[in-house]
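Accompanying notes for the structure given below.
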Amino acid sequence: MQLKEVINKVIDILGLENEVNVNTPSTKLNKLISCANAIYSELIIEYVPLKTCEKITFSDGRAYYASFTKYVREVLTVKKGVSKYDFECYPLYVKSNAEGECEVTYLYYPDELTIDSEIVLPPAFTSHVLAQGIVSEYYYRTGLVDEAVFYKTRYENSVNNVTKKRKSTCLPQRRFI
């Protein structure tokens, strides 16, 4: 899903069809994109961490964060083949007793969204869920607190429903007498 799709839903919810167009830069569009970035980063940090795995070269037992393709939030594992290595995270690098090219799995922070950005989220998250969060953030920023609370509640309920783990249950078989 692209941010453009989500912003179009936000424009529909807010009733700004005559004021904002996703193809024309404006201050209101910039405000909506800023709200989208706030909601997206909140969603990634609190509910759905983004995880990736890539090959990183360790030299002298160190792999500098600058060599990672994404902005590292937390390193989860360091592996080479089937061997897992212990590691320690420092402000500028990851230290391990591994040498050479290793497979590093880590959580990362998302890049700033632009109007044409692709939003990276699990398929359960629809554009409507994100639109509710963006609308709530927009209302907070414009001072309409009651509307903001209304949409924030709807957004949080949607996110909780999408992210909660469902347990399967077995009902006892019905007995016929």
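Specify the angular offset, from 0 to 90 degrees and rounded to the nearest 10, of the alpha carbon long axis of helix 3-14 from the longest principal axis of the alpha carbons in the chain.
Computed tilt is about 30 degrees.
Tell me which aspartates and glutamates have Cα within less than 12 Å of residue 152's Cα, excluding those fewer than 8 residues away on the same chain?
Answer for residue 152, where 12 Å is the Cα cut-off: 137, listed by chain and number.
Given DSSP loops and a limit of at most 16 other Cβ atoms within 10 Å, what is the longest stretch of the chain that contains no such chymotrypsin sites (Phe, Trp or Tyr not before Pro)?
So the longest stretch without any such site is 48-175.
Quick one: accessible surface of residue 82, probe radius 1.4 Å, all protein chains present, in square angstrom to the nearest 10.
Residue 82 has an accessible surface of roughly 150 Å² with all protein chains in place.
Is the C-alpha gyration tensor of segment 11-111 telling us rounded, prolate or oblate? Criteria: a/c under 1.5 is rounded; beyond that, a/b larger than b/c is prolate, otherwise oblate. Present the calculation step by step, with values, prior to reporting the outcome.
Details: a/c = 3.86, a/b = 3.28, b/c = 1.18.
Cα axes put segment 11-111 in the prolate bin.
Excluding residues fewer than 8 places away in the same chain, name every one of the lysines whose C-alpha is closer than 20 Å to that of residue 165.
51
Normalise the Cα radius of gyration of the chain by 2.2 N^0.38 Å (N = residues in it) and let me know the number. Intermediate values should be presented prior to the final figure.
Working: Rg = 21.6 Å, N = 177, 2.2 N^0.38 = 15.7 Å.
The chain yields a ratio of 1.37.
List the lysines whose Cα sits under 18 Å from the Cα of residue 28, skipping any in the same chain fewer than 8 residues away.
Leaving aside lysines fewer than 8 places away in the same chain, those within reach of residue 28 are 4, 9.
How high is the relative contact order of segment 1-128, given as a whole-number percent (alpha carbon pairs under 8 Å, six or more residues apart)?
After rounding, I find 35 percent.
Which is the longest run of the chain containing none of the trypsin sites (Lys or Arg not before Pro) found in DSSP loop states (not H, G, I, E, B) with at most 12 other C-beta atoms within 10 Å?
Answer from the scan: 1-163.
What value, in deg cm²/dmol to 500, does the helix sum -39500 (n - 2.57) over DSSP H runs of n ≥ 4 give at 222 nm once divided by the residues of the chain?
The helix-only estimate for the chain comes to -12500 deg cm²/dmol at 222 nm.
Got the relative contact order for segment 83-177 handy, in percent, Cα pairs under 8 Å and 6 or more residues apart? Before the final figure, lay out each step's value.
On the way: 44 pairs, mean separation 15.6, N = 95.
RCO, segment 83-177: 16 percent.
The values are calculated or read from the model by the stated rules, or taken from the named source; none is laboratory data. Keep in mind that what you see is a predicted model, and the values were worked out from it rather than measured. Heads up, the Cβs are rebuilt from the backbone with ideal geometry, glycines too, and the neighbour counts pull from every protein chain shown. For the accessible areas, the whole protein counts, side chains as well, though only heavy atoms, and no ligand, DNA or RNA atoms are used. Shrake-Rupley method; radii C 1.70, N 1.55, O 1.52, S 1.80 Å.
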